[in-house]
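The values are calculated or read from the model by the stated rules, or taken from the named source; none is laboratory data. Because the structure is predicted, anything quoted here is derived from the model rather than measured. Because the Cβ atoms are built from the backbone with ideal geometry, glycine has one as well, and the counts that use them run over all protein chains shown.
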There are 2 protein chains.
Amino acid sequence: MQNPKPLETASAHDRVYRGLRTRIMHGQIAPGHALTLRGLGKEFEVSMTPAREAVQRLVAEGALQMSTSGRVSTPELSNERIEELAALRALIEVELASRALPRAHMALIERLQSINSGIADVVSNRDAVGYIRTNLEFHRTLYLRAQAPAMLAMCETVWLQLGPTMRALYGRLRRTEAPQYHRLIIAALKAGDEPGLRLAVRSDVTQGLRMLAN
Amino acid sequence: MQNPKPLETASAHDRVYRGLRTRIMHGQIAPGHALTLRGLGKEFEVSMTPAREAVQRLVAEGALQMSTSGRVSTPELSNERIEELAALRALIEVELASRALPRAHMALIERLQSINSGIADVVSNRDAVGYIRTNLEFHRTLYLRAQAPAMLAMCETVWLQLGPTMRALYGRLRRTEAPQYHRLIIAALKAGDEPGLRLAVRSDVTQGLRMLAN
DNA sequence: ATAAGGCGTTTGTGATCACAAACGGGTGGT
DNA sequence: ACCACCCGTTTGTGATCACAAACGCCTTAT
């Protein structure tokens, strides 16, 4: 029992924050979409105050942008910024995978295979949001083994910034099966092959985002 | 005239945010120090609302920690977390330096040398805050040339998280002169030596933080 | 037809208030 | 001497309100 009280009552701004955050990270909101404090407050059944705190926090994390007049919306990323964020993903995720490798036992690898096979389902359903969610779950499951919470937090911040853009990306590419690089990652984990793992993770991260930047 | 309107009127929560942020990043607040919303509000002559937003934002960036009861304080980092943050600095700053290298002209190198010589002054004055500020200015000046705002923002977030801890570090080590690795960085820039630059930056970043983790 | 101006409405900002929880110091009991 | 309990005070949370700025749509003049 490592978590006796799973926080049965979360604060209002935390509910709004978490709700918005997963929505953005999973690509459920299109780039450039506008949000209003009163609208969010009504949607989550809170007043403007918690809605404002949640929005401010997401702005600080780069998940939302704020105009000079205070209007908030999901950002429309330039190609340069997409390239930067992809490079950050490559840097951090390669390091996380490398740190997870010596701790990756068979149970973890089986879990990854299970998640990966689930990707086939969402792909066949043309479910872009499901695809992003499952893909991120695959990566997070691996990186959790790295025992590096600060790095994982940074990594998720990058995912968050790319969320709305990822929707646009995976919406236009025609996927027919689970990504090949996920299989390479699993194979490298099984073999204990660190250089191979680093290459596979770097390829998987860079692959999709390169084509978005034309 | 690249900045015609330097934002002559900043919003209240932004003033609090910026004030607190530089104070934390420069190590002017000791680890574990507690802050109160009403206290901050009185100090910056605003009500609790802007103070709360500024604090929430800094908590989101990892510059402050919040207890389950909502009390905020500067974090006391574990050795594991310090090691993680140092590794993140190494990853990101090496990349930033590498991207800045092809754009580093003579004017930049002279600017860096000027900043570096300023470090001697603050060192002789036993001015820990001045040392941290000047050191960060040295790095930021170099990284600005990388034209990678997202990476620089991530980098500064790490600096922010290490701020209070850096004060404790530089307080205990006896510095007598400007860091040797800064000279190596400048030399590598002059020579256009990318591997040497990467090594110098990595060494400079890791050097101080390794000894803190015992 | 197009562009500029005006006005009602929407929206963010910051202050204030009521409330509950938590902290801290002091007291009393063992 | 030490520990538990209690109560006054401090503190964070969230709702509400007044205000100013910005937005959007419509009218009007050229």
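Please specify each residue of the range B:55-67 satisfying the condition of being in a helix (DSSP H, G or I), within 12 Å of DNA strand D (Cβ to nearest atom) and either surrounded by fewer than 22 Cβ atoms within 10 Å (Cβ to Cβ) or modelled with pLDDT of 95 or more (or both).
B:55, B:59
Has the range A:3-21 got any residue that is under 30 Å from residue B:98 (Cα atoms) and either out of contact with any Gly (no Cβ under 6 Å at 6 or more places or on another chain) or not assigned by TED's automatic domain parsing to the domain that holds residue A:138 (or both)?
No, every residue in the range A:3-21 fails to be under 30 Å from residue B:98 (Cα atoms) and either out of contact with any Gly (no Cβ under 6 Å at 6 or more places or on another chain) or not assigned by TED's automatic domain parsing to the domain that holds residue A:138 (or both).
Tally up the residues in the range B:129-155 that are small (Gly, Ala, Ser) and touching a residue at least 24 places away in the same chain (Cβ under 8 Å), please. Break it down into steps so the answer makes sense when it comes.
Of all residues in the range B:129-155, those small (Gly, Ala, Ser) come to B:130, B:146, B:148, B:150, B:153.
Within this subset, residues satisfying the condition of being touching a residue at least 24 places away in the same chain (Cβ under 8 Å) are B:146, B:148.
So the count comes out to 2.
So, of the residues in the range B:185-212 that are within 16 Å of the chain's Cα centre (by Cα) and surrounded by fewer than 21 Cβ atoms within 10 Å (Cβ to Cβ), which turns out to be modelled with the lowest pLDDT?
First, pick out the residues of the range B:185-212 that are within 16 Å of the chain's Cα centre (by Cα): B:201-202, B:204-209.
Imposing the further condition that a residue be surrounded by fewer than 21 Cβ atoms within 10 Å (Cβ to Cβ) reduces the set to B:202, B:206-209.
Values: B:202: 95, B:206: 89, B:207: 83, B:208: 71, B:209: 68.
The residue in question is B:209.
Residue check, residue B:40 against (1) under 18 Å from residue B:163 (Cβ atoms); (2) more than 12 Å from DNA strand C (Cβ to nearest atom); (3) not aromatic (Phe, Trp, Tyr), all met but one. Which one?
Single failed check for residue B:40: (2).
Checking the structure you have, find out if any residue of the range A:109-127 is more than 16 Å from DNA strand C (Cβ to nearest atom), surrounded by 15 or more Cβ atoms within 10 Å (Cβ to Cβ) and at positive phi.
No, the conditions are met nowhere in the range A:109-127.
For residue B:52, state whether it is within 14 Å of another protein chain (Cβ to nearest Cβ) and either near DNA strand C (Cβ under 10 Å from one of its atoms) or under 22 Å from residue B:156 (Cα atoms) (or both).
yes
With respect to residue A:32, determine if the residue is within 11 Å of chain B (Cβ to nearest Cβ) and in a loop (DSSP other than H, G, I, E, B).
When the stated conditions are applied, residue A:32 does not pass them.
For the range B:38-50, how many residues are under 20 Å from residue A:17 (Cα atoms) and more than 8 Å from DNA strand D (Cβ to nearest atom)?
1
Where residues in the range B:8-22 are within 12 Å of DNA strand C (Cβ to nearest atom) and surrounded by fewer than 17 Cβ atoms within 10 Å (Cβ to Cβ), which of them is farthest from the other protein chains (Cβ to nearest Cβ)?
B:15
Among the residues of the range B:23-34, are any within 16 Å of DNA strand C (Cβ to nearest atom) and under 26 Å from residue A:84 (Cα atoms)?
No: the range B:23-34 contains no residue that is within 16 Å of DNA strand C (Cβ to nearest atom) and under 26 Å from residue A:84 (Cα atoms).
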